[in-house]
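Here is the structure we will look at, set down as structure tokens.
The values are calculated or read from the model by the stated rules, or taken from the named source; none is laboratory data. It should be emphasised that the depicted structure is a prediction, and the values quoted were computed from it without experimental measurement. When we count neighbours, we look across all protein chains shown, and the Cβ atoms used for this are built from the backbone with ideal geometry, even at glycine. For the accessible areas, the whole protein counts, side chains as well, though only heavy atoms, and no ligand, DNA or RNA atoms are used. Shrake-Rupley method; radii C 1.70, N 1.55, O 1.52, S 1.80 Å.
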Amino acid sequence: MTKKVTLRSGLLLLVCIIAVAGAGCRAGGSNTNAYETHDFAMGTSITQRIYGGNAQQAAREVIDEIKRIEDEMTINKPGGEINKLNNSAGKAEIELSEETIYVLEKAKHFSSLSGGAFDVTIGPLVKAWDILGDNPRVPGDEELESLLRLVDYRDIDINREAGTASLKRPGQIADLGGIAKGYAGDRTVEIYKKHGIKSAFVNLGGNVVALGRKPDGSLWKIGIQDPRSSTGDYVCVIEIEDKAVVTSGDYQRFFEKDGKRYHHIIDPKTGYPANSGLISTTIVSDLSIDADALSTATFVMGLEKGLELIESLEGVDAVFITDDKKVYATENIKKVLTFSGENRGYEYVEER
Ligand code: ADP
Ligand code: MG
């Protein structure tokens with residue numbers, strides 16, 4: 001028996017963050033009306049809350065832009081630049097837009113920075129498991145072994161000056177699933193700014209970006225969901241302005257077979273869903289594209305290596321939750337974090 005759980009969990013994540021941000025807005029007592037929209041794109045729910053004159057037009061432009069990015073970067077439907085690159089694997093160098101080159105370069109950078117825990121060439125494994133698709137399955141060991149040989153981010157060759165890229169070997173597949181929503185978050189903020197908007201909030205299925213502060217001058221409150229709650233409770237709230245907050249977890253997208261849960265973040269060393277001891281990783285940074293790649297990377301790396309990586313990066317912070325219900329945060333985020341998970345058995349480890 002196979003059970004698939006995707007959208008429902010994504011919606012819960014959304015509700016959690018909105019509820020907290022919403023409560024914060026009301027608590028602030030602001031009279032400024034927010035324009036709020038809910039859409040579906042990039043396989044997830046998208047909520048925008050915008051304050052300011054051109055809100056409606058900006059929101060519409062954002063959704064068009066996100067759908068355009070999805071079309072160019074997805075491997076789940078035909079057409080698009082990334083499919084073009086993948087179809088030419090082992091055969092030819094492909095001309096790509098500046099935008100796709102930028103996202104590929106970022107993806108390759110974080111692949112290298114994480115020692116291959118994030119690997120942009122994870123595609124053959126993602127396709128074999130098909131966790132987000134119609135026929136999720138557990139591939140056999142021999143199949144995984146042969147597919148693992150195709151996974152190596154160093155085989156993506158990018159030539160920025162020429163505007164071209166290539167994959168070295170036939171069968172290799174670049175997959176931007178772990179970073180493209182982050183890029184879309186950054187583009188969203190650019191569109192808000194272009195429309196003169198100074199206060200807004202977007203949530204692309206767990207990829208949150210907050211522009212400015214709330215209209216009453218207070219900080220945005222972002223709830224980090226209890227990864228084991230089915231009712232959208234959160235374990236802590238962080239207060240931010242002008243930041244991206246991106247969470248990866250094993251509870252958002254997975255399928256179950258024979259009582260086992262198989263989630264959608266694959267460890268490029270084993271070919272299996274990552275089992276690092278972390279069940280939720282949240283990254284806070286200026287750029288949403290960076291936060292997205294790093295949340296996926298640290299989810300695979302685990303607590304020690306993940307913290308070491310995040311602490312080595314300027315302006316990047318993290319909140320990690322382990323499978324034994326411990327919550328860890330980096331120094332800067334500790335100052336703006338309110339822990340509330342004790343009722344559900346979580347422990348906040350302030351001193352390591
Ligand atoms: P979500 O897309 O649910 O927000 P993530 O940002 O963590 O979650 O991205 C997960 C997606 O990234 C997977 O669906 C897959 O397309 C891709 N992916 C899975 N494992 C890896 C990995 N080790 N490195 C890079 N991308 C990955
Ligand atoms: Mg990610």
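General observations
- Taking the range 148-173 as the range and being touching a Phe, Trp or Tyr at 6+ places or on another chain (Cβ under 9 Å) and near ligand 1 (Cβ under 10 Å from one of its atoms) as the test, only Tyr153 passes.
- Residue under evaluation Val151, criteria (1) of a type in the set (A, V, I, L, M); (2) in contact with a strand residue (DSSP E or B) (Cβ under 7 Å, 6 or more places away or on another chain); (3) part of a loop (DSSP other than H, G, I, E, B), criterion not met: (2)
- Residues in the range 279-307 that are more than 15 Å from the chain's Cα centre (by Cα) and farther than 16 Å from Ser111 by Cα: Leu303, Glu304, Leu307.
- Residues that are part of a loop (DSSP other than H, G, I, E, B) and either out of contact with any Asp or Glu (no Cβ under 7 Å at 6 or more places or on another chain) or open to solvent by less than 10 Å² (accessible area, probe 1.4 Å) (or both) do occur in the range 278-292.
- Condition broken by Ser295, with the remaining ones in (1) surrounded by fewer than 20 Cβ atoms within 10 Å (Cβ to Cβ); (2) under 19 Å from Leu204 (Cβ atoms) satisfied: (1)
This table checks each residue for (1) more than 16 Å from ligand 2 (Cβ to nearest atom); (2) of a type outside the set (Ser, Thr, Tyr); (3) open to solvent by less than 50 Å² (accessible area, probe 1.4 Å); (4) touching a His at 6+ places or on another chain (Cβ under 6 Å).
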| site | (1), (2), (3), (4) |
| --- | --- |
| Ile66 | no, yes, yes, no |
| Lys77 | yes, yes, no, no |
| Glu81 | yes, yes, yes, no |
| Leu85 | yes, yes, yes, no |
| Leu104 | no, yes, yes, no |
| Lys108 | no, yes, no, no |
| Leu113 | no, yes, no, no |
| Ala117 | no, yes, yes, no |
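- Single residue of the range 243-275 satisfying the filter (of a type in the set (Gly, Ala, Ser) and under 12 Å from the mean Cα position of the chain (by Cα)) that is nearest to Arg228 (Cα to Cα): Gly249
- Counting residues in the range 312-320 that are of a type in the set (Asp, Glu) and part of a strand (DSSP E or B) gives one or more.
- Across the range 254-265, the qualifying residues are those that are within 14 Å of ligand 2 (Cβ to nearest atom) and open to solvent by less than 20 Å² (accessible area, probe 1.4 Å), and the one among them that is farthest from Leu148 (Cα to Cα) is His263.
- Residue check, Gly206 open to solvent by less than 10 Å² (accessible area, probe 1.4 Å), at pLDDT below 95 and closer than 27 Å to Thr298 by Cα: yes
- Any hit, the range 138-147, residues being free of Cβ contacts under 8 Å to residues at least 40 places away in the same chain, hydroxyl-bearing (Ser, Thr, Tyr) and either under 30 Å from His195 (Cα atoms) or not in a loop (DSSP other than H, G, I, E, B) (or both): yes
- Residues (within 20 Å of the chain's Cα centre (by Cα), among the aliphatic types (A, V, I, L, M) and over 15 Å from Leu204 (Cβ atoms)) located in the range 58-84: Ile75, Ile82
Matching residues to (1) open to solvent by 10 Å² or more (accessible area, probe 1.4 Å); (2) modelled with pLDDT of 95 or more:
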site: Lys168; (1), (2): yes, yes
site: Tyr192; (1), (2): no, yes
site: Val235; (1), (2): no, yes
site: Ala244; (1), (2): no, yes
site: Gln252; (1), (2): yes, no
site: Asp267; (1), (2): yes, yes
site: Gly271; (1), (2): no, yes
